[in-house]
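Read through the structure below, which is laid out as structure tokens, and then see the notes.
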Amino acid sequence: MLIFPNAKINLGLQITEKLSNGYHAINSCLYPIPLNDALEFVPAKKKTAFNSSGSSIPSDGKDNLVLRAYKLLKKDFQLPELNIHLHKNIPIGAGLGGGSSDAAFMLKALSDYYQLFLDDSFLESYAAQLGSDCPFFIQNKPALASGTGTELEPCNINLSGYHLVLIHPGLHISTKEAYAGTNPKEPEHQLKEILEKADISTWRETLVNDFEESIFKKQPILAEIKAELYNHGAIYAAMSGSGSSLFGIYKEQPPIINAFSEKFFYRTMSL
């Protein structure tokens with residue numbers, strides 16, 4: 001079976017509280033975008049094996065989320081041994097949810113292919129055991145995430161007809177490092193109100209990613225990329241998640257930013 005897990009971007013990311021367990025409470029809108037990995041599995045004659053191509057993944061794949069998703073379902077259901085191949089096109093550690101998407105799509109595909117008949121709520125409960133972004137990719141529709149990121153509600157937003165420029169400069173920013181530089185606070189503007197009621201032209205002033213302030217100080221190239229997205233006509237630009245990908249949303253087909261298109265991972269797409 002061949003499937004194509006897609007990436008996501010964060011439209012706003014508010015860090016509202018540090019919890020007693022050390023995690024943080026957030027508000028964010030997760031929005032799916034048409035940038036895809038390719039994931040295939042077929043029955044194996046021997047033991048389950050995992051391999052990958054494209055962007056290199058950490059270690060030897062033993063802890064890859066796709067394999068963990070398979071093993072998680074295999075504990076509760078009779079699944080055969082598989083040969084699994086993942087072609088990575090979504091940049092790794094970029095704030096785009098690529099690994100989480102791969103895992104969630106694996107859960108959905110196994111349920112469909114082997115007729116496990118798991119509904120979305122069951123799949124989301126499995127996905128939550130794999131990572132905070134994973135449950136979003138079960139329904140794979142715009143959603144407001146709150147709590148530690150796993151509490152989801154639909155977000156009535158549609159960016160169809162807009163264009164996206166996505167740039168990943170290849171920097172790795174650990175989640176721990178990203179949170180260390182933030183100061184949780186009550187947001188000045190409610191995310192749901194901004195996204196569902198305000199015009200997109202107002203987002204530049206109101207839709208904020210709280211990670212940007214501290215991370216941009218440490219990695220000024222990210223601030224430079226964001227500024228150039230605006231200079232080249234973006235109506236909204238931001239970092240996705242804790243980085244280091246940045247994106248710009250455009251009304252018209254965007255121009256190529258030559259300073260970055262030849263040096264970094266650079267994609268344009270229609271939403």
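The values are calculated or read from the model by the stated rules, or taken from the named source; none is laboratory data. Computed from a prediction, not measured in an experiment: that's the story for all the values here. Cβ: placed from backbone, ideal geometry, glycine included. Neighbour counts: every protein chain shown.
A few remarks follow.
Conditions (1) over 30 Å from residue 154 (Cβ atoms); (2) surrounded by 13 or more Cβ atoms within 10 Å (Cβ to Cβ); (3) modelled with pLDDT of 95 or more; (4) among the aromatic types (Phe, Trp, Tyr), marked per residue:
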{"residue": "190", "(1), (2), (3), (4)": "no, yes, no, no"}
{"residue": "207", "(1), (2), (3), (4)": "no, yes, yes, no"}
{"residue": "226", "(1), (2), (3), (4)": "no, yes, yes, no"}
{"residue": "247", "(1), (2), (3), (4)": "no, yes, yes, yes"}
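- Single match in 116, 86 (criterion: surrounded by fewer than 20 Cβ atoms within 10 Å (Cβ to Cβ) and in contact with a Phe, Trp or Tyr (Cβ under 8 Å, 6 or more places away or on another chain)): 116
- Odd one out for residue 106 among (1) under 20 Å from residue 195 (Cβ atoms); (2) more than 13 Å from the chain's Cα centre (by Cα); (3) of a type outside the set (Lys, Arg); (4) surrounded by 21 or more Cβ atoms within 10 Å (Cβ to Cβ): (1)
- Sub-7 Å Cβ pairs linking a first residue in the stretch 221-236 that is within 16 Å of residue 201 (Cα to Cα) to a second residue that is assigned to a helix (DSSP H, G or I), at least 6 apart or interchain, are 235/200; 235/201; 236/200; 236/203; 236/204, ordered by first then second residue.
- Members of the stretch 1-53 found to be small (Gly, Ala, Ser) and in contact with a Cys (Cβ under 9 Å, 6 or more places away or on another chain), listed by number: 12
- Within the stretch 24-55, the set of residues being under 20 Å from the mean Cα position of the chain (by Cα) and aliphatic (A, V, I, L, M) comprises 25, 26, 30, 33, 35, 38, 39.
- Evaluation of residue 201 against (1) in contact (Cβ under 8 Å) with a residue 12 or more places away in the chain; (2) surrounded by 15 or more Cβ atoms within 10 Å (Cβ to Cβ) (one fails), failing number: (2)
- Sole residue being of a type in the set (Gly, Ala, Ser) and touching a Leu at 6+ places or on another chain (Cβ under 7 Å), chosen from 128, 143: 143
- When every residue of the stretch 140-151 is checked against the conditions, at least one turns out to be out of contact with any Pro (no Cβ under 6 Å at 6 or more places or on another chain) and free of Cβ contacts under 8 Å to residues at least 40 places away in the same chain.
- All conditions in (1) surrounded by 14 or more Cβ atoms within 10 Å (Cβ to Cβ); (2) at pLDDT 95 or above; (3) under 23 Å from residue 92 (Cβ atoms) hold for residue 175, with the sole exception of (2).
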